[in-house]
Structure formats: C-alpha cells, structure tokens
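Worksheet for the structure shown next.
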Amino acid sequence: MNGMRIAWRVTRLNFRAQLEYRTEFLLMIAIGAIWQVSVIVFATVLLTRFTGMGGWDSSEVLLIPATRMLAHGLFVLLLGRVHGAGRQIQEGRIDIYLTRPMPVHRQLQLAFFPTNAIGDLTVAVGLMVGALSRSRLDWTPGRISYLIAAVIGGMLLEAALFTAITCAALRFPAADYWSRWLEELLGTFGSYPLNVLPKAVGGLLTYGLPLAFVAYFPAAVLTGHGHDTGAPYWLAALSPLLGVAAYLGSRVLWRWSLRHYAGVNG
Amino acid sequence: MAVLHAWRAARVTPLGELHAPPRMTAVLVRLVVQVVLVASLWHGLYSRTGTTAGLAEGQAVSYAVLAVLASRLRELDQYAGRDTVLQHMHFGTIVYWYLRPLPPQRYHALRALGEQLYGFAWALGGYLVCLAAGVVDPPGSAAVAGVFALSLLLGQWVLYHVMLMLDQLCFWTVRNNAAMLILIFAQNLLSGVYAPLWFFPDWFITLSGFLPFQATLSVPLSIYIGRIPLSDAWEQLAVQAFWGVALTLFTRFLWRRAARRVISQGG
C-alpha cells in the first residue's frame with residue numbers, strides 16, 4: 001500500500017515535470033495521436049483500395065487495429081518505459097536504481113510520465129468507438145468481456161516482448177536496437193488479418209514473434225474467423241491468457257537478468 | 001590535406017558500424033525479414049485485385065521493397081554513436097563543433113555523406129539480391145535506370161537537408177523530441193515510405209506535391225517502376241532540384257543563425 005502511494009506521488013510529480021515545457025507537453029500528446037493516426041491512414045488506404053482483405057469485411061478488419069491500438073495505448077501509459085530502456089541502461093541509471101529501496105523495475109516504470117500515451121489513448125478510444133459502431137456483431141456481455149480481456153492480454157503481451165528485449169539490453173546494451181524494430185513490426189503487421197500473408201510468414205508472426213496473439217486472433221474469434229487463422233481455434237481463443245502468461249514469464253526473466261547484471265562497464 | 005580531413009570525418013560512422021558486428025548482423029536480419037514481410041504483404045493484397053491506383057502487382061511490390069531498402073540510406077544508429085545534434089545540445093558538447101578547424105556545417109555534411117554512402121552500399125547489395133531473386137522488377141529501360149539514378153541522387157540531396165533542418169531545430173528548442181518525431185513521421189508518410197502515395201486520396205497527393213518530402217523517395221521510386229513516365233520525369237527532376245536549392249539556401253541561413261545561439265559552459 002505504501003509502495004502504491006509512493007508510485008502515485010512520483011507519477012504526479014513526473015506529470016508536473018512534463019508540464020514544465022508546455023509546448024513539448026502538447027507536442028508529445030500530438031505525436032502519440034499522430035503515430036496512431038498513421039496506422040489508421042494506412043489501414044484506410046488499404047481497405048479502400050483492397051476490399052475484402054483476407055476474406056474479412058472492412059468493419060471486421062477495423063476491430064484489429066482498434067484492439068491493438070487500445071492495448072498499445074494502455075501499454076504506453078502503464079508499462080511502456082521498458083521500451084527504449086536501453087538508453088537508461090547505457091547511461092548507467094540502472095546502477096543508481098539498484099542502490100535505492102524500491103524495486104528496479106518499478107523505478108524504471110516511474111522514470112518519467114509518458115505524455116504521448118494521452119494522444120495514443122485518445123485516438124485508440126476513438127477508433128474503438130468507430131469500429132464498434134460499424135460492427136454488425138451482437139455485443140453480448142460475453143463478447144464485451146472477451147474484448148476487454150483481449151485488450152488487457154494484448155497490453156501484457158506487448159509488455160512481455162519489450163521486457164524480454166530490455167532483459168537482453170541489461171547484458172548487451174545495443175540490444176535496444178531491436179525494440180524500435182519490434183514497435184515498427186507491431187504497428188505495421190499487427191493491424192491486419194495475417195491470413196493475407198503466405199502461411200510460412202503468417203506462422204513466423206504467430207509462433208516466432210507472437211504478434212498474431214495481440215489483436216488478430218482475438219478479433220478473429222470475435223468475428224467468427226477463428227477457424228480460418230491457420231492456428232488451432234483453442235489457441236487463438238486463449239490469446240488473452242497467453243498475454244498474462246507471457247508477462248509473468250518476462251518478469252521472471254527480468255529478475256533473473258537483473259541478478260546477472262554486471263553494470264555497463266562490466 | 002583537406003581531402004584527408006574530409007575522408008576522416010566521413011568515415012566515422014561507417015567505421016563505427018564496421019567495428020560492431022552484432023549491430024551489422026542485426027541490420028542484415030532486420031532488412032531480410034522486412035523485405036520478406038513487405039513483399040508478402042503486397043503480394044497478398046494483390047491476390048484478389050488487379051491493377052489499382054495505376055499500379056500493377058509487380059510495380060507495387062517493387063516500390064514497397066525499394067522503399068525498405070532506401071530506408072537503409074539514413075537509418076544508422078547515430079544515437080549509439082553519441083554524435084547527434086540533439087545529444088550534443090542536451091549535454092552542452094555542441095560547442096566543440098565550433099572549436100575545431102573544420103566548420104560545423106562541413107563536419108555535419110561530411111558525416112552525413114559517409115553515412116549515406118555506407119547506407120547506399122547496404123541498399124545496393126540488397127537491391128542486387130532482390131533483383132536476382134525476382135523480388136523486384138528491373139527498370140523498364142536503360143534510360144529509366146539512368147533517370148532513376150539521377151532522381152535518387154537529387155532525392156538524397158533533398159533528404160539530407162530535410163534531416164539537417166531537424167538537427168538545426170535543436171538549436172532553438174531545449175526539448176524537441178516530439179517535434180523531431182513529428183517531422184520524421186511527416187517525412188515517412190509524405191515521402192511514401194509507409195505506402196506508395198498513389199494509393200492515397202487525390203487531395204493527399206496534391207498536398208504532398210507542395211511539400212519537399214515526396215521529392216526524397218516517392219519521385220525516384222515512381223520513375224523506377226514506371227508510374228511516372230520518362231516524358232513527365234524531367235518536370236519532377238526540376239521540382240527535386242528546386243527543393244534541393246531552396247533547402248540548401250535555407251539551411252545555410254539557419255547555420256549562421258544557429259552559431260549565434262551556441263554558448264559554452266553557461267556563458
């Protein structure tokens with residue numbers, strides 16, 4: 001309880017610190033929104049030019065970027081500081097965190113307030129409202145619950161992937177390079193039905209990099225395309241749980257990596 | 001002697017990359033995967049559609065793959081090298097750029113030239129492999145190839161000055177990460193990195209015509225795939241040259257203004 005209170009106070013102070021530079025604060029909100037709008041622009045262009053993407057109609061396809069963006073916005077707000085944490089590792093800030101009486105992971109997450117998450121979430125909520133209003137599905141309590149679970153699961157899965165990269169960066173600081181690529185992959189290929197890709201490539205984005213579980217599989221289950229994904233239906237349906245399991249696993253990996261952290265100078 | 005100094009400045013980033021084999025391996029893996037994914041996506045999208053927005057399947061795939069390869073021209077991990085203008089401004093070390101016998105604008109240009117040549121080697125290698133593997137179509141004729149090469153060169157000239165303006169912005173704003181990200185986003189979107197501009201609505205294409213970004217990538221790639229015929233190419237080359245000259249003059253003006261803002265150790 002005390003830890004939560006401290007975390008809340010630090011977050012409030014971080015927020016005030018961000019407000020110190022008003023223009024930068026507003027621009028950071030704008031950048032969050034703009035990055036998300038880019039996904040919408042690209043998706044809209046593709047949906048306009050290529051109707052019936054992978055056998056999905058446009059209202060069904062929209063559910064994929066809406067789920068992903070909402071999960072991503074929550075990730076940026078709550079757990080996103082693991083993305084790009086390599087810079088903190090390179091600057092030796094982890095060494096400072098180790099000397100303080102607060103878990104290193106929590107200090108990492110409290111390093112600054114993610115202003116861009118405000119823009120991310122604003123656009124994501126707007127897209128989700130648009131996707132739901134265009135949807136022809138019957139939104140029963142079961143479907144709504146599954147969608148909420150999918151968003152949380154997607155957030156945790158994204159957090160797990162970035163945490164794993166940060167674990168590698170503890171040992172090899174240059175590994176942070178991969179986090180930018182991962183973000184790019186999630187943004188580009190996490191927003192469409194992966195069955196437009198060849199099976200081998202779709203399989204790579206399912207079993208190699210579990211990108212399909214963030215939004216594609218949950219949306220497929222919700223829209224009745226769950227049997228056409230190329231993966232077993234039960235596996236697709238369990239996507240939200242996979243996110244939870246992956247995140248817990250990544251935290252175990254984080255603790256192990258931190259125990260073996262030897263500092264940026266060896 | 002001047003040539004020797006220029007050579008030494010230009011090779012800094014390439015040497016840094018060549019001495020970091022894990023980073024080069026990462027670049028190679030990322031490039032291969034990105035090319036495979038992008039080519040697969042566009043082939044998949046075209047599987048149920050014919051020519052759209054004036055682009056056939058081969059043209060769209062070639063454009064998208066070449067855009068991925070072209071992104072290597074200016075995508076080095078400069079931040080890891082601790083030599084970005086943003087970092088120098090943040091840590092106050094930009095003053096050293098003004099203490100050397102080499103003027104800062106020349107140092108900046110030489111570093112960028114080295115980076116672009118190093119990136120070009122990657123892009124050219126990737127292009128030849130993709131061409132041999134049939135992932136991208138060859139240019140329509142030798143004339144198309146020649147005009148494409150000229151347009152690519154002009155595009156890199158414009159791109160350097162667009163990126164230079166981002167760097168110069170650091171002299172005026174204490175914290176400008178967001179502005180940098182927004183401009184980089186605009187560069188990617190309006191130059192056709194995310195998707196060929198031909199797929200966008202007409203108003204978007206008209207808007208991008210008034211901005212320099214399309215001159216960096218969209219024009220040369222459109223010439224390569226034949227979406228801009230040779231008869232119209234000269235007009236586009238003139239537009240690229242106009243942006244190159246205009247931005248050169250503007251950034252030269254900004255360098256002079258920026259020099260007045262550099263302070264050492266707080267005073």
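Within the range A:32-70, the set of residues being buried (at least 21 other Cβ atoms within 10 Å of the Cβ), more than 26 Å from A:ASN116 (Cβ to Cβ) and more than 9 Å from chain B (Cβ to nearest Cβ) comprises A:TRP56, A:GLU60. None of A:LEU211, A:LEU204 is part of a helix (DSSP H, G or I), over 14 Å from A:VAL61 (Cα atoms) and either at pLDDT 95 or above or within 15 Å of the chain's Cα centre (by Cα) (or both) except A:LEU211. Of all residues in the range A:132-174, those being within 14 Å of chain B (Cβ to nearest Cβ), among the small types (Gly, Ala, Ser) and either loosely packed, with under 14 Cβ neighbours inside 10 Å or in a loop (DSSP other than H, G, I, E, B) (or both) number 0. Every condition in (1) at pLDDT 90 or above; (2) surrounded by 14 or more Cβ atoms within 10 Å (Cβ to Cβ); (3) of a type outside the set (A, V, I, L, M) is met by A:TRP256 except one, and the failing one is (2). A:GLN88 falls short of the stated requirement of being modelled with pLDDT under 80 and surrounded by 18 or more Cβ atoms within 10 Å (Cβ to Cβ). Within the range B:111-147, the set of residues being exposed (fewer than 14 other Cβ atoms within 10 Å of the Cβ) and in contact with a helix residue (DSSP H, G or I) (Cβ under 7 Å, 6 or more places away or on another chain) comprises B:PRO138, B:ALA143. In the set (1) surrounded by 18 or more Cβ atoms within 10 Å (Cβ to Cβ); (2) part of a loop (DSSP other than H, G, I, E, B); (3) of a type outside the set (D, E, K, R); (4) in contact with a Gly (Cβ under 7 Å, 6 or more places away or on another chain), B:TRP157 fails one condition alone, (2). Name the residues in the range A:71-111 that are over 25 Å from A:ARG16 (Cα atoms), assigned to a helix (DSSP H, G or I) and either away from every other protein chain (no Cβ under 14 Å) or without any contact (Cβ under 8 Å) to a residue 24 or more places away in the chain (or both), would you? Scanning the range A:71-111 gives A:ALA71, A:ASP95, A:LEU98.
For residues in the range B:164-195 being within 24 Å of B:GLN236 (Cα to Cα) and within 7 Å of chain A (Cβ to nearest Cβ), which is surrounded by the fewest Cβ atoms within 10 Å (Cβ to Cβ)? Within the range B:164-195, the match that is surrounded by the fewest Cβ atoms within 10 Å (Cβ to Cβ) is B:PHE185.
The values are calculated or read from the model by the stated rules, or taken from the named source; none is laboratory data. Only a predicted model underlies this, so the values are computations on that prediction, with no experimental measurement involved. Note that we place each Cβ from the backbone using ideal geometry, even for glycine, and neighbour counts take in every protein chain shown.
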